[in-house]
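The values are calculated or read from the model by the stated rules, or taken from the named source; none is laboratory data. Predicted model only: the values in this text are computed from it and were never measured. Virtual Cβ from ideal backbone geometry, glycine too; neighbours counted across all protein chains shown.
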Amino acid sequence: MVKLDLRTPRGILALIGITFLAAVGLAIFAVTQRPWFEKFVRETYLPASEATMRIGRGLAESPAGVEAVKRLSAEDRGALFEAWVQDSASWPPSAPAVMTTADPGFYLGRAWRTWLCGSEEQKLRAMAFLEFSRCPEAVDLLQRACEQAKSRHADSLETAARLALARCHQGREPKGTQHQ
């Protein structure tokens, strides 16, 4: 039986080799099992409170709506975005524009995070949010989303991103059914 002493150059090289092979094996596993890993990295939302839903349903395109959002804490702003993603059908179509006017960095960041980590349905809603926000920075995010969807061969997401981009470039009002 060959005894390997780790304090010798041969033992150290063997240890480095074993570590390298283990790292390569784990990397191959991680790359080939992407869907398995991605199911653990999803956006999860708490159910929206009635107060948050009431605020959201009242977001009309007016200075009062923008001020109402500005007065919210960061936690409440996050809850407002999550509530919109969960149930935007009962909200006015201008709600994303009001939210991004009040705090563009926060809401565009949340929409992008949802695009990166959300389920397919959440990604579609994030794209709708970006489209409805009528914010110039949102167009850049939609272009990035389209490129990512294309590189991942997610045809339905790529198509949705292209349609949202086309509507943004045409300056048309988004269709009311798109955000539901």
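Taking the options 161, 166, 145, 149, name whichever one is under 20 Å from residue 36 (Cα atoms) and either touching a Ser or Thr at 6+ places or on another chain (Cβ under 6 Å) or assigned to a helix (DSSP H, G or I) (or both). Write out each step before concluding.
On the way: 161 fails: under 20 Å from residue 36 (Cα atoms); 166 fails: under 20 Å from residue 36 (Cα atoms); 145 fails: under 20 Å from residue 36 (Cα atoms).
149 is the lone residue from the list that is under 20 Å from residue 36 (Cα atoms) and either touching a Ser or Thr at 6+ places or on another chain (Cβ under 6 Å) or assigned to a helix (DSSP H, G or I) (or both).
Restricting the stretch 1-47 to residues that are of a type in the set (S, T, N, Q) and loosely packed, with under 10 Cβ neighbours inside 10 Å, which is modelled with the lowest pLDDT? Lay out the reasoning, then the answer.
First pass over the stretch 1-47, keeping only residues of a type in the set (S, T, N, Q): 8, 19, 32-33, 44.
Applying the additional criterion that residues be loosely packed, with under 10 Cβ neighbours inside 10 Å yields 32, 44.
On the way: 32: 88, 44: 82.
Top of the filtered list is 44.
Which of (1) part of a helix (DSSP H, G or I); (2) at pLDDT below 95; (3) of a type outside the set (Phe, Trp, Tyr) is the odd one out, the single condition residue 108 does not satisfy?
Checking residue 108 against (1) part of a helix (DSSP H, G or I); (2) at pLDDT below 95; (3) of a type outside the set (Phe, Trp, Tyr), the one that fails is (2).
Can you tell which of 71, 54 is farther than 25 Å from residue 136 by Cα, among the basic types (Lys, Arg) and exposed (fewer than 15 other Cβ atoms within 10 Å of the Cβ)? Spell out how you get there, then give the answer.
Details: 71 fails: farther than 25 Å from residue 136 by Cα.
Going through 71, 54 in turn, the sole match is 54.
Would you mind telling me which numbered condition in (1) within 15 Å of the chain's Cα centre (by Cα); (2) crowded, with 20+ Cβ neighbours inside 10 Å residue 135 fails?
(1)
Tell me yes or no: at least one residue of the stretch 160-172 is of a type outside the set (S, T, N, Q), closer than 27 Å to residue 54 by Cα and assigned by TED's automatic domain parsing to the domain that holds residue 60. I'd like the intermediate steps shown before the answer.
Initially, the stretch 160-172 is screened for residues of a type outside the set (S, T, N, Q), giving 160-169, 171-172.
Checking the rest, the ones that are also closer than 27 Å to residue 54 by Cα come to none.
No, because not a single residue in the stretch 160-172 is of a type outside the set (S, T, N, Q), closer than 27 Å to residue 54 by Cα and assigned by TED's automatic domain parsing to the domain that holds residue 60.
Residues are listed down the side, and each one gets a yes or a no for (1) assigned to a helix (DSSP H, G or I); (2) more than 19 Å from residue 145 (Cα to Cα); (3) touching a residue at least 40 places away in the same chain (Cβ under 8 Å):
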| residue | (1), (2), (3) |
| --- | --- |
| 64 | yes, yes, no |
| 67 | yes, yes, no |
| 77 | yes, yes, no |
| 83 | yes, yes, no |
| 89 | no, yes, yes |
| 99 | yes, yes, yes |
| 112 | yes, no, no |
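Against the condition farther than 21 Å from residue 163 by Cα, of a type outside the set (Val, Ile, Thr) and outside the structural domain of residue 152 (by TED's automatic domain parsing), how does residue 27 come out, does it pass? It would help to see each step written out before you state the result.
Working: farther than 21 Å from residue 163 by Cα: yes; of a type outside the set (Val, Ile, Thr): yes; outside the structural domain of residue 152 (by TED's automatic domain parsing): yes.
Yes.
What is the one condition in (1) touching a residue at least 12 places away in the same chain (Cβ under 8 Å); (2) more than 19 Å from residue 61 (Cα to Cα); (3) surrounded by fewer than 18 Cβ atoms within 10 Å (Cβ to Cβ); (4) not β-branched (Val, Ile, Thr) that residue 116 does not satisfy?
So the condition that residue 116 fails would be (1).
Name the helices (runs of 4 or more DSSP H) wholly inside the stretch 9-61 in which the number of residues that are in contact (Cβ under 8 Å) with a residue 12 or more places away in the chain is 2 or more.
Details: elements: 9-32, 34-38, 50-57.
Qualifying helices (runs of 4 or more DSSP H): 50-57.
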